[in-house]
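J.: This structure is in structure tokens; I'll ask about it shortly.
The values are calculated or read from the model by the stated rules, or taken from the named source; none is laboratory data. All figures in this text were calculated on a predicted structure; none of them were measured in a lab. Here the Cβ is made from the backbone with ideal geometry for all residues, glycine too, and neighbour counts use every protein chain on show. All accessible areas refer to the heavy atoms of the entire protein, side chains included, with ligands and DNA or RNA removed. Shrake-Rupley method; radii C 1.70, N 1.55, O 1.52, S 1.80 Å.
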Amino acid sequence: MKKALTIAGSDSGGGAGIQADIKTFSAHGIFGMSVITAVTAQNTKEVRSVQAIDTDIITDQMAAVFEDIHVDAVKIGMLGSKEIVETVAEALNTYLPAIVILDPVMISKSGHHLLDGKAVTALKTKLLPLATLITPNVPEAEVLTGLSIRTEQDFYKACLSLIELGSNAVLLKGGHAEGNPNDLFYDGKNFHWIKGERIHTKNTHGTGCTLSSAIASNLANGQSLQESIEQAKLYISEAIRNSFSIGGGHGPVHHFHSFSKKERSESI
Ligand SMILES: Nc1ncnc2c1ncn2[C@@H]1O[C@H](COP(=O)(O)OP(=O)(O)OP(=O)(O)O)[C@@H](O)[C@H]1O
Ligand SMILES: Cc1ncc(CO)c(N)n1
């Protein structure tokens, strides 16, 4: 069984963050592990409060995992502060995992800031070059590049700019753009559109976390980067299609949609 590590924040509501990542790893047959960077008091409607985890214990969590267990892939989500970005970058430079998927989480679906403004420069200079792939949504790519992203042409420009900043590969997600949620993948050589159909639901809490963890899982399972992204897009699309209306805000996606389908067909 392959093993993946998420370095991210906890979502008490269970739809995003560490909880979404571990569910996604499990749904892909991957053994999931976690380094918790922050605890959020969160549900489908709001983030009530956030407590950052001390950097000492973040370093210790990284050491505890890497010094004992082989890590096939790392996924990075919410980091919160400049100090945590630097701590995580330092540990990655020590343990040098082969696969690192960086989801540069900045704002929750409910509109709460999950990354301090001062952390952006550290994320760009210290973490971005260590990532195999970075998976920003449109607002995150705008903050990282300083560009305004509206048209298809803007998507190409933003990907080029993110590679210039030191990324190895970019998946610019179109979930926040107008029309169909098409994502642009650029590996520094070729562009590929990863196309989707918009599903009309408000239950999209944790879509970004789930997509990046699915990509990390597929890579850990030996697929190529492009194949991992294409398979992850199919997985997130089905997860959104089967999402849950729980709570009064943005409900979570269904991480185990393929299992419950199998169970349903077996019981017929
Ligand atoms: N309504 C939708 N229908 C179909 N696909 C969607 C929809 N919304 C987002 N997606 C897709 O889901 C994936 C995650 O993208 P999104 O842009 O929502 O991430 P995000 O904003 O980082 O999520 P999060 O709010 O969890 O941080 C992308 O592949 C995107 O195209
Ligand atoms: C802990 C956490 N990480 C990431 C997101 C992004 O959706 C969120 N809402 N909460």
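J.: Output the qualifying pairs, or none if there are none: Cβ atoms under 9 angstrom, residues six or more apart or on different chains, first residue in the stretch 1-19 and under 16 Å from Ser110 (Cβ atoms) and more than 10 Å from ligand 2 (Cβ to nearest atom), second residue modelled with pLDDT of 95 or more and in a loop (DSSP other than H, G, I, E, B).
T.: Gly14/Gly206
J.: Determine, yes or no, whether Asn180 is open to solvent by 30 Å² or more (accessible area, probe 1.4 Å), at pLDDT below 95 and not in a helix (DSSP H, G or I).
T.: So Asn180 passes the test.
J.: Further question on the same structure: Could you pull out the residue among Gly206, Gly248 that is of a type outside the set (Asp, Glu) and either touching a Pro at 6+ places or on another chain (Cβ under 6 Å) or open to solvent by less than 20 Å² (accessible area, probe 1.4 Å) (or both)?
T.: Among Gly206, Gly248, only Gly206 is of a type outside the set (Asp, Glu) and either touching a Pro at 6+ places or on another chain (Cβ under 6 Å) or open to solvent by less than 20 Å² (accessible area, probe 1.4 Å) (or both).
J.: Another question about this same structure. Looking at the structure I just gave you, is Gly146 out of contact with any Pro (no Cβ under 7 Å at 6 or more places or on another chain) and closer than 22 Å to Val85 by Cβ?
T.: Yes.
J.: Quick one: in the stretch 155-213, which of the residues that are β-branched (Val, Ile, Thr) and within 27 Å of Asp11 (Cα to Cα) is farthest from ligand 1 (Cβ to nearest atom)?
T.: Looking at residues that are β-branched (Val, Ile, Thr) and within 27 Å of Asp11 (Cα to Cα), I get Val170.
J.: One residue is enough: does the stretch 79-86 have a residue meeting the conditions closer than 26 Å to Phe256 by Cβ and either of a type outside the set (Ser, Thr, Tyr) or crowded, with 17+ Cβ neighbours inside 10 Å (or both)?
T.: no
J.: Among the listed residues Val35, Val39, Val65, Val71, which satisfies the condition of being away from ligand 1 (no atom under 15 Å from the Cβ), in contact with a Pro (Cβ under 7 Å, 6 or more places away or on another chain) and not aromatic (Phe, Trp, Tyr)?
T.: Checking each option against the conditions leaves just Val71.
J.: Any chance you could count how many residues in the stretch 219-247 are more than 16 Å from ligand 2 (Cβ to nearest atom), at pLDDT 95 or above, over 30 Å from Gly188 (Cα atoms) and touching a Lys or Arg at 6+ places or on another chain (Cβ under 9 Å)?
T.: 1
J.: When the residues of the stretch 150-177 are narrowed to those that are within 16 Å of Pro139 (Cα to Cα) and in a loop (DSSP other than H, G, I, E, B), which ends up farthest from ligand 2 (Cβ to nearest atom)?
T.: Per the stated criteria, the residue is Thr151.
J.: Among the residues of the stretch 54-73, is any modelled with pLDDT of 95 or more, in contact with a helix residue (DSSP H, G or I) (Cβ under 8 Å, 6 or more places away or on another chain) and within 12 Å of ligand 2 (Cβ to nearest atom)?
T.: Within the stretch 54-73 (the criterion being modelled with pLDDT of 95 or more, in contact with a helix residue (DSSP H, G or I) (Cβ under 8 Å, 6 or more places away or on another chain) and within 12 Å of ligand 2 (Cβ to nearest atom)), the answer is no, since none of the residues qualifies.
J.: Only residues in the stretch 191-217 that are aromatic (Phe, Trp, Tyr) and outside any strand (DSSP E or B) count as the first member; pair them with residues that are modelled with pLDDT under 95 and open to solvent by 20 Å² or more (accessible area, probe 1.4 Å), Cβ under 7 angstrom, at least 6 apart or cross-chain, and list the lot.
T.: Going by the 7 Å Cβ cut-off, there are no qualifying pairs.
J.: Quick test for you: out of Gly206, Gly174, Gly146, Gly222, pick the one residue that is at positive phi and in contact with an Asp or Glu (Cβ under 8 Å, 6 or more places away or on another chain).
T.: Matching residue, one of Gly206, Gly174, Gly146, Gly222: Gly206.
J.: Out of all the residues in the stretch 136-177, which are within 17 Å of the chain's Cα centre (by Cα), among the charged types (D, E, K, R) and open to solvent by 60 Å² or more (accessible area, probe 1.4 Å)?
T.: Scanning the stretch 136-177 gives no hits.
J.: In the stretch 13-53, which residue that is hydroxyl-bearing (Ser, Thr, Tyr) and closer than 16 Å to Phe244 by Cα is surrounded by the most Cβ atoms within 10 Å (Cβ to Cβ)?
T.: Thr24
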